[in-house]
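These notes concern the structure reproduced below.
The values are calculated or read from the model by the stated rules, or taken from the named source; none is laboratory data. Remember, predicted model here, so these are calculated numbers, not experimental data. Here the Cβ positions follow ideal geometry from the backbone for every residue, glycine too, while neighbour counts run over all protein chains shown.
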Amino acid sequence: MAFSKIQIVGNLGRDPELRYTPNGRPVTEFSVAVNQSTKNQQTGEWVEATDWFRVSVWGDRAERAAENLRKGARVLVDGRFRTREYETKDGRKGLSLEISADTVLPLDRREPGAEGTFTGAPAGAAAAPAGRPAGFDDTEIDELPF
């Protein structure tokens, strides 16, 4: 069995959207912008580039993400990665960078007394069998209601 694993650190591009699949399973979707600075070798100027990732969080984690995250929040996302080709309304082809998140950690400082971070599994949860990430479900992506 093969899978793609990815970790990114970036900022939410919009507030999370919590929805439910037809069978009642919660899923939250949001976008994360990852900025990179590279130096142009010819001009010596720094050039900013942004990659956008579409992140889906499932189950209890979806509800916590929708409650705790807001546009602009800095997060670490760990999960499974895949690309999906699509066609725009004007006929151009595009490529979507998608992550099904196992873990989402808010990285912004919180005010004293604020609640802590959350991850994909509760503390002490059993590890996934070898070669298969925790919470992996082949049908997750196909269940997206949008």
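Those residues that are among the hydrophobic types (A, V, I, L, M, F, W, C) and exposed (fewer than 12 other Cβ atoms within 10 Å of the Cβ), I need them from region 94-108; list them, please. Even if it seems obvious, please write down each step before you answer.
Step one: filter region 94-108 for residues among the hydrophobic types (A, V, I, L, M, F, W, C), giving 95, 97, 99, 101, 104-105, 107.
Across region 94-108, the qualifying residue is only Leu95.
Out of the residues in region 35-72 that are surrounded by 12 or more Cβ atoms within 10 Å (Cβ to Cβ) and part of a strand (DSSP E or B), state the one that is nearest to the chain's Cα centre (by Cα).
Pass one, region 35-72, residues surrounded by 12 or more Cβ atoms within 10 Å (Cβ to Cβ): 51-72.
From the residues that got through so far, the ones that are part of a strand (DSSP E or B) too are 51-58.
Numbers: Asp51: 13, Trp52: 10, Phe53: 7, Arg54: 6, Val55: 3, Ser56: 6, Val57: 7, Trp58: 11 Å.
Once the filter is applied, the top-ranked residue is Val55.
Modelled with pLDDT of 50 or more, closer than 15 Å to Ile8 by Cβ, touching a helix residue (DSSP H, G or I) at 6+ places or on another chain (Cβ under 7 Å) and not hydroxyl-bearing (Ser, Thr, Tyr) - does that describe any residue in region 104-115? Within region 104-115 (the criterion being modelled with pLDDT of 50 or more, closer than 15 Å to Ile8 by Cβ, touching a helix residue (DSSP H, G or I) at 6+ places or on another chain (Cβ under 7 Å) and not hydroxyl-bearing (Ser, Thr, Tyr)), the answer is yes, since at least one residue qualifies. Go through the residues of region 79-98 one by one and say whether even a single one is modelled with pLDDT of 95 or more and among the hydrophobic types (A, V, I, L, M, F, W, C). Scanning region 79-98, I find no residue that is modelled with pLDDT of 95 or more and among the hydrophobic types (A, V, I, L, M, F, W, C), so the answer is no.
Which residues, taken from region 72-106, are touching a residue at least 60 places away in the same chain (Cβ under 8 Å) and either of a type in the set (A, V, I, L, M, F, W, C) or closer than 18 Å to Ala62 by Cβ (or both)? Please lay out each step first, then the result.
First pass over region 72-106, keeping only residues touching a residue at least 60 places away in the same chain (Cβ under 8 Å): 72-82, 99.
Within region 72-106, Ala73, Val75, Leu76, Val77, Asp78, Gly79, Arg80, Phe81, Ile99 qualify.
Taking region 1-25 as the range and being touching a Gly at 6+ places or on another chain (Cβ under 8 Å), surrounded by 14 or more Cβ atoms within 10 Å (Cβ to Cβ) and basic (Lys, Arg) as the test, only Arg25 passes.
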